[in-house]
1. Can you tell me how many residues in the range 40-66 are assigned to a loop (DSSP other than H, G, I, E, B), in contact (Cβ under 8 Å) with a residue 24 or more places away in the chain and more than 6 Å from the ligand (Cβ to nearest atom)?
2. Counting just the residues of the range 25-39 that are within 13 Å of the ligand (Cβ to nearest atom) and touching a Ser or Thr at 6+ places or on another chain (Cβ under 8 Å), which one comes out modelled with the highest pLDDT?
3. When Leu20 is evaluated against the numbered criteria (1) modelled with pLDDT under 90; (2) surrounded by fewer than 19 Cβ atoms within 10 Å (Cβ to Cβ), which criterion, by number, is the only one it fails?
Amino acid sequence: MKKDAKTFKEVAERCTRFALSDECHCDAKNSTSTQESVSCKNCKHYTPDKVCTLDLYEEILENHHL
Ligand code: SF4
């Protein structure tokens with residue numbers, strides 16, 4: 001399974017459940033461009049081991065041939 005920054009972004013852009021994490025300590029919340037922060041890594045459903053607790057990540061990868 002692909003797990004890189006580009007793919008995280010591409011999946012999140014296609015995901016209907018993306019929600020910016022409250023615990024996100026990245027610059028995303030302060031960013032003037034919210035587009036920049038659209039990434040699974042900044043999503044509240046993201047976990048490092050499983051990627052997506054909703055199991056949407058792999059589904060989106062397959063459906064969009066990413
Ligand atoms: S972590 Fe899951 S819910 Fe969040 S944007 Fe990625 S695929 Fe969607």
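The values are calculated or read from the model by the stated rules, or taken from the named source; none is laboratory data. Computed from a prediction, not measured in an experiment: that's the story for all the values here. Positions of Cβ are backbone-derived with ideal geometry, glycine not excepted, and every protein chain shown enters the neighbour counts.
1. Here the count works out to 3.
2. That would be Ser37.
3. Leu20 satisfies every listed condition except (1).
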